[in-house]
Amino acid sequence: MPRRLLRDGAIVLDDWEELQEAALPADARALIIDFDRWQRERAALRRYPGKLGVTLEPAHRVEELAEDLPRFALVAARFPGPSDGRGYTQARLLRERYGFSGELRATGYVRRDQVFFLARCGFNALELPEEELPTAGAAFETFSAAYQLSNDAGMPLKRARR
């Protein structure tokens, strides 16, 4: 059964497939690969006819992906636990410095109480635990105004700034 996720403020079925170490499929499916595989097999993956996404681990440097960003329709940042916030920085860099306009997905340890802040950093797709999905959309309304400058690319509705 396909997993559900929160994308652009709505609960949707995930239309992407994660490709681990298997061979590339012959058909043009939307595939997510890990950054290390992209680095190893870049030439072959550039010729893949379908949509490609890549997953960044916290230690990966966004700068190493910058040249290839036009090839990706999705970039995912993995959060390994509640105390690792490097994915927030990766998101801001992707949106603001490198102009990435595709799907920016938060994966791994992602919870409802992070939704508002993830969206303010530019994430527009969130892999949440299934039991948190029904109420996660309400988290976009946690605050009605923002004091800080931010990249609100992931917010379904933009906030007024004070």
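The values are calculated or read from the model by the stated rules, or taken from the named source; none is laboratory data. Keep in mind that this is a model prediction, so the values were computed, not measured. Quick reminder, even Gly has a Cβ in these numbers, built from the backbone with ideal geometry, and neighbours come from all protein chains shown. We work out accessible area using only protein heavy atoms, side chains counted, and drop any ligands, DNA or RNA first. Shrake-Rupley method; radii C 1.70, N 1.55, O 1.52, S 1.80 Å.
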Legend entry - Residue-count net charge about Glu67 - beta-carbon cut-off 15 Å; Lys, Arg +1, Asp, Glu -1: +2
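If you add up the charges near Gln39, with Lys and Arg at +1 and Asp and Glu at -1, over every other residue whose beta carbon is less than 11 angstrom from its beta carbon, what do you get?
Numbers: positive: Arg37, Arg40, Arg42; negative: Asp34, Asp36, Glu41, Glu64, Asp68.
Its environment carries a net charge of -2.
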Legend entry - segment 18-104 - percent of accessible surface contributed by carbon and sulfur, probe 1.4 Å: 49
Inset, instruction - Could you tell me which label, among (1) 18.2, 55; (2) 20.2, 71; (3) 15.6, 52, carries the value of Rg and Dmax of the Cα atoms in Å calculated for this structure? - result: (3)
Inset, instruction - Mind running the shape call on segment 1-79? Use the C-alpha gyration tensor, a ≥ b ≥ c as the square roots of the eigenvalues: rounded below 1.5 for a/c, prolate if a/b tops b/c, oblate otherwise. - result: oblate
Legend entry - Mean accessible surface per residue for segment 49-105, computed with a 1.4 Å probe while every protein chain stays in place, in Å²: 45
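Can you tell me how much longer the chain between Asp84 and Arg111 gets when fully stretched, taken as 0.36 nm per residue apart minus their C-alpha distance, in nm with one decimal? All intermediate terms of the calculation are to be shown ahead of the outcome.
Working: separation 27, 0.36 × 27 = 9.72 nm, distance 1.30 nm.
Value of the extension gain: 8.4 nm.
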Legend entry - Residue of Ala119, Ala106, Ala28 that the Gaussian network model of the chain assigns the largest fluctuation, springs spanning Cα pairs under 10 Å: Ala28
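Rounded to the nearest 500 deg cm²/dmol, what is the calculated helix-only ellipticity per residue at 222 nm for the chain, with -39500 (n - 2.57) per DSSP H run of length n ≥ 4?
Details: 5 runs with 28 residues, N = 162.
Mean residue ellipticity at 222 nm (helix-derived): -3500 deg cm²/dmol.
How much length would be gained if the chain were fully extended between Ala23 and Asp36, taking 0.36 nm per residue of separation minus their Cα-Cα distance, in nm to one decimal?
Numbers: separation 13, 0.36 × 13 = 4.68 nm, distance 1.50 nm.
Going from the current span to full extension adds 3.2 nm.
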Legend entry - With DNA, RNA and ligands ignored, accessible area of Tyr88 (1.4 Å probe; Å², nearest 10): 50
